[in-house]
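Laboratory data are not the source of any read-out in this text; all were calculated from the coordinates shown. Owing to the predicted nature of the structure, the values given are computational and were not obtained by experimental measurement. Reconstructed Cβ throughout: ideal geometry from the backbone, glycine too, with neighbour counts over all protein chains shown.
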Amino acid sequence: MSDDTQDHDDHSGSRRDFLYLSAGAFGAVGLGAALWPFISSMNPSADVLALSTTEVDLSQVEDGQRITVKWQGKPVFIDRRTPTAIEEAESTPLAELRDPETDEERVLTPEWLVVIGICTHLGCVPLGQKASEDRGEWGGWFCPCHGSHYDTSGRIRKGPAPLNLPIPPYAFLNDTSIKIG
Amino acid sequence: MSAGTNQTGGTNSGLVKWIDSRLPVFSYLQKEYAEYQSPRNFNWFWNFGAILTFLLVMMIMSGIFLAMQYQPNTALAFDSVERIMRDVNFGWLLRYLHQNGATFFFIAIYIHMFRGMYYGSYKAPRELLWMLGVVILLLAMATAFMGYVLPWGQMSFWGATVITNLFSAVPLVGDSIVTLLWGGFSIDNPTLNRFFALHYLFPFLIFGVVVLHVIALHVSGSNNPLGVDPKGPQDTVSFHPYYTMKDSVGLAVFVTIMAAFVFFAPDFFGEPENYLEAAPLNTPAHIVPEWYFLPFFAILRSVDFDILFIEAKLGGVIAMFGAIFVLFVLPWLDKSPVRSAKFRPVYKWFFWIFLIDCVLLGYVGGKPTDAPVFGGVESFQIIHLGYITTFWYFAHFLIVLPLLGIFERPKPVPKSISEAVLGGGSSGAAATAKPMEKA
């Protein structure tokens, strides 16, 4: 018995410790590898990921009109901005912005603003696509859920949202149509 | 009921004895639910454990039968719920029981928790019992949230959008987590599918934690309105028939009230907006969660300012989850050695202030942030009341309770339950009484 006790007390660097640790490490790696497919199956599947693009005809959009199109299940706001709206967006000092970006960085041509219409706070669709809706204090968009105000460049100005409305990847196919995605 | 003579619940059936000697279910039930000794002075607030057990079984039953008719697909879900309401035999009853059952489950769980707070039921040796209860609360909230998405109405969709987007506030990996939850780039069919699967699973997890909750309860025994431990048989009665009867009466009253809503006002707690099918491009003007989430929703919205390097969005999420996690450490924040508020003259007042604070938070959560409070002056808006009530929620736990433990002078605590409720010491029983512990 006393020999046994001594063996148990003398733990430092024994073969048994090594076996315990390496077996435990292999077990943990194995468990992680076994869990991976389950977790991964919850991520977007191939059909969801399949690249979707949306082509939009802009010829019917009038000056000052905003339209909503759907891209990857998300609303995209397209705004044919009036000269006043462009002027307001361009003259805003960067120091006033929570997420500083110039208007030039957010458009391909000043006339057309294309943003993803999802509030960067908690994902509501902001109001302001129709002239009759509340467009907030800066004439852009207003999120009714928690009161975020966006300006005519889709930049966050007031409220809990941390970021500007994001710009989707898009390109002009010709003067009157764009391809999103 | 004389205990001990018959281990198998009063039956002499040979079959029962044969089974019990191989699988002791009958003697277990006899020991834990019949002879089990409970303090003799329970009041009606001790009914809610039994009521919650009943409701959990009712929710699982009605849910299983609803699942036989429901279609977890964005194209079919809304219509399948309407089909349940109109065409399925007693479908309206199954659905209204399930819908109102969720509401009454939270009514019961909140009363059960405030009972625990008033009578100090979370204090040693019942800390783990309380913490398991908070786990049940969290699981119930997750279950209710996912269940609310299934009818695929406007509030289903936009409530789910707002709540899942909370996770995008997590630094670095937030957006990946949200994509993982959605299985796509917005709330869509994959999301509805997995929410249905998890909504079916979670009640059984709750059931498992309830079993642990009851095991932990039966180790330490129930607390009681005096907060004094039973000192011997003179302080207790057997669970059956005394508390099986009392629980049955309380349950009957509770179920009658619930039935009144199920049959006469089934949509009283609901949102009319959820009878419109989900429209991903059209956010309702005012998104509100179900009433039982309103206090936590109010706390989320009230942090609309940056705290040091923490952005408002993340701050709100931390505050909301913190409001639940602070409950886990409640047993260590309340340092007072006296359990029951009956003998804590100052805590008693702070308890009621805290209860009012929670009700006000619920009111705040249900109104637009810029509305005037109670329709009063324009300058005192809902958001301002939200700041005050959110601050008080945390101050109660983090400032008031620790300080009361130091400065409050409790009233003298009775020596025993029987002395307090029977008025005078029962000398005969004193011989069997355990030594009194310091209170």
Per DSSP loop assignment and a cutoff of at most 16 other beta carbons within 10 Å, chain B keeps its longest run without exposed trypsin sites (Lys or Arg not before Pro) at B:1-334
Past 32 Å, Cα to Cα, is the threshold; run B:K123/B:K367; B:K246/B:K348; B:K31/B:K123 against it and keep the listed order.
B:K123/B:K367
For q = 0.12, 0.18 Å⁻¹, Debye-computed log10 I/I(0) when each Cα of region A:48-180 counts as one equal scatterer:
-0.42, -0.97
Cα axis of helix B:345-365 to longest principal axis of chain B: angle in degrees, 0 to 90, nearest 10?
20 degrees
Global size of chain B as Cα Rg and Dmax, reported in angstrom
24.4, 77
One quarter of the C-alpha convex hull surface, i.e. the mean projected area of region B:293-408 in nm², amounts to 8.2 nm²
Could you pull out every whole DSSP H run in chain A that spans at least 18 Å of Cα extent along its own axis and averages -1.0 or higher on the Kyte-Doolittle scale?
A:15-41
Tilt, helix B:189-220 to longest principal axis of chain B (alpha-carbon atoms), in degrees rounded to tens, equals 20 degrees
Cα long-axis angle, helix B:244-264 against chain B (0 to 90 degrees, to the nearest 10)
20 degrees
Running a GNM on chain B with Cα contacts under 10 Å, which residue among B:A67, B:A252, B:A285 ends up with the highest mean-square fluctuation?
B:A285
Is the shape of region B:34-287 rounded, prolate or oblate, going by the alpha carbon gyration tensor and its root eigenvalues a ≥ b ≥ c, with a/c under 1.5 for rounded and a/b larger than b/c for prolate?
prolate
For a distance above 35 Å, tell me the whole-number percent of Cα pairs in the protein assembly as shown that qualify.
54 percent
Taking a ≥ b ≥ c as the square roots of the Cα gyration tensor eigenvalues, with a/c under 1.5 meaning rounded and otherwise prolate when a/b beats b/c or oblate if not, region B:1-132 comes out oblate
Could you give the distance between the Cα centres of region B:14-42 and region B:145-182, to the whole Å?
45 Å
